[in-house]
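Each remark here refers to the structure printed beneath this line.
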Amino acid sequence: MAVTLKQIAELAGVSRGTVDRALYNRGRINPEVAERIRTIAKELGYQPNRAGKALAMAKHPIKIGVIAQATETPFMHLLLSGVEDARKEVSNFGAEVLIRSMIGLDAAHQLRLIDELVAENINGLAITPANDDRMRSRINELIDSGIPVVTFNADIDGTRRLCFVGQDSELAGRACASLMSAIIGNKGLVLPISGHQSNHSHTLRINGFCSEMERCFPQVEILPPAFCQDDDALTQQLTEQTLREHPDLSAIYVAAGGQSGVCRGLARLGYTGSVRVICYDLIPNNIKNLLDSRIDFLIDQDAHTQGYQPIMILFDYLFAGTVPENKYFFTDIAIKNKYNV
């Protein structure tokens, strides 16, 4: 016998309307009450009436907002292809996906884009957030108002977002430390390059890399991290400046964009091959540089899934009340060299 909203309401000690709002995100509700209702529904094996929900969506269609940062980078182009595939899929059910892109990573700009999407009456938000206290507060405000949030590619601590979709960045950094130690013979001088100070994933990659090096490979000397803003020209400048100051440099670890700038800087000063390079993302220029032995290893983080999955998670949550089983949806740490790319 099918479980009804009335049965869930009686067990939760609330009205049927409150259960409806909790399971279908129709309006404001106390988060603790909503969580209790969803837990009871899951324990009872409640299955929503999808035909009825589809009819309801015809009158009040689901709108999912997406805010992607640093869309000038090739990696984000790959990620946005995943967003587009998810947009097409949920549109078959009458849902709408409103995409907002931005250059770089600026918290004030992101906050304006959030306000813009809220004015469009979105029901859920997927965002690559700046690691900023204002953003942290705004995300929690959205959740309190009944708008669920999924973070992707970069996470943010201290929020009640539904889940994060992306790579385990700290673990990826630790994996890169082990690779780096192996290719430089467990000794030498290494330059770590990050992207944006407000990008949580970049920070975790650097922290994981440096802490693993210090703990397991103490003979390797790590220079202070440099920040390139995901910009090839700036990364080339940082590379050349470091080589002039440290001509004995052994390797460069790039935890963000700007990888081509490193390769150009090494080539310009005659260090290609002698300074080893590990970086991220299976984008065309990186693959070419990998095949040409300008890069030793690439770390793939599955850009398409990072764009596709957040929208599908939000849609399932808004359409059927399906709560993600885990707070973290980690994509693979796939290690590529010139022989398996």
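The values are calculated or read from the model by the stated rules, or taken from the named source; none is laboratory data. What you see is a predicted model, and the numbers here were worked out from it, not measured in a lab. All Cβ positions, even for glycine, are placed from backbone atoms using ideal geometry, and neighbour counts span all protein chains on display. Ligands, DNA and RNA are excluded from the accessible area calculation, which covers all protein heavy atoms including side chains. Shrake-Rupley method; radii C 1.70, N 1.55, O 1.52, S 1.80 Å.
For the range 65-112, which positions are part of a helix (DSSP H, G or I), open to solvent by 10 Å² or more (accessible area, probe 1.4 Å) and farther than 24 Å from G258 by Cβ?
E84, D85, R87, K88, E89, S91, L111, R112, listed by residue number.
List the residue pairs whose Cβ atoms are under 8 Å apart, where the first residue sits in the range 95-115 and is among the small types (G, A, S), the second is assigned to a helix (DSSP H, G or I) and open to solvent by 30 Å² or more (accessible area, probe 1.4 Å), and the two are 6 or more positions apart or on different chains.
Sorted first by the residue in the range 95-115, then by its partner, the pairs are S101/L80; A107/R134; A108/R134.
For (1) closer than 22 Å to D230 by Cβ; (2) outside any strand (DSSP E or B), each residue gets a yes or a no:
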{"position": "D115", "(1), (2)": "no, yes"}
{"position": "I122", "(1), (2)": "no, yes"}
{"position": "N131", "(1), (2)": "yes, yes"}
{"position": "L142", "(1), (2)": "no, yes"}
{"position": "T151", "(1), (2)": "yes, no"}
{"position": "D155", "(1), (2)": "yes, yes"}
{"position": "R160", "(1), (2)": "no, yes"}
{"position": "F164", "(1), (2)": "yes, no"}
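What's the number of the condition E325 fails, among (1) open to solvent by 60 Å² or more (accessible area, probe 1.4 Å); (2) at pLDDT 95 or above; (3) farther than 28 Å from V341 by Cα?
Answer for E325: the failing condition is (2).
So which of L223, L282, L238, L249 ends up being touching a strand residue (DSSP E or B) at 6+ places or on another chain (Cβ under 6 Å), surrounded by fewer than 23 Cβ atoms within 10 Å (Cβ to Cβ) and closer than 17 Å to E72 by Cα?
Only one candidate qualifies: L282.
Taking only the range 255-270 into account, find how many residues are out of contact with any helix residue (DSSP H, G or I) (no Cβ under 6 Å at 6 or more places or on another chain), farther than 25 Å from V66 by Cα and in contact (Cβ under 8 Å) with a residue 24 or more places away in the chain.
Residues flagged as out of contact with any helix residue (DSSP H, G or I) (no Cβ under 6 Å at 6 or more places or on another chain), farther than 25 Å from V66 by Cα and in contact (Cβ under 8 Å) with a residue 24 or more places away in the chain within the range 255-270 amount to 3.
Which one of these does V341 not meet: (1) assigned to a strand (DSSP E or B); (2) farther than 30 Å from E96 by Cβ?
Of (1) assigned to a strand (DSSP E or B); (2) farther than 30 Å from E96 by Cβ, only one is false for V341: (1).
Restricting to the range 46-84, what's the tally of residues that are modelled with pLDDT under 95 and among the charged types (D, E, K, R)?
Going through the range 46-84 one residue at a time, the tally reaches 4.
Of the residues that sit in the range 130-150 and are touching a residue at least 40 places away in the same chain (Cβ under 8 Å) and under 13 Å from the mean Cα position of the chain (by Cα), which one is nearest to A303 (Cα to Cα)?
Result: V150.
Only one residue in L243, L266, L282 is among the aliphatic types (A, V, I, L, M) and touching a Ser or Thr at 6+ places or on another chain (Cβ under 8 Å), so which one is that?
L266
Output the number of the condition that G307 fails; it satisfies all remaining conditions of (1) open to solvent by 30 Å² or more (accessible area, probe 1.4 Å); (2) within 18 Å of R100 (Cα to Cα).
Evaluating G307 over (1) open to solvent by 30 Å² or more (accessible area, probe 1.4 Å); (2) within 18 Å of R100 (Cα to Cα) leaves (1) as the failure.
Just one of (1) under 22 Å from T73 (Cα atoms); (2) open to solvent by 40 Å² or more (accessible area, probe 1.4 Å); (3) of a type outside the set (F, W, Y) trips up G270, so point out which.
Against the list (1) under 22 Å from T73 (Cα atoms); (2) open to solvent by 40 Å² or more (accessible area, probe 1.4 Å); (3) of a type outside the set (F, W, Y), G270 comes up short only on (1).
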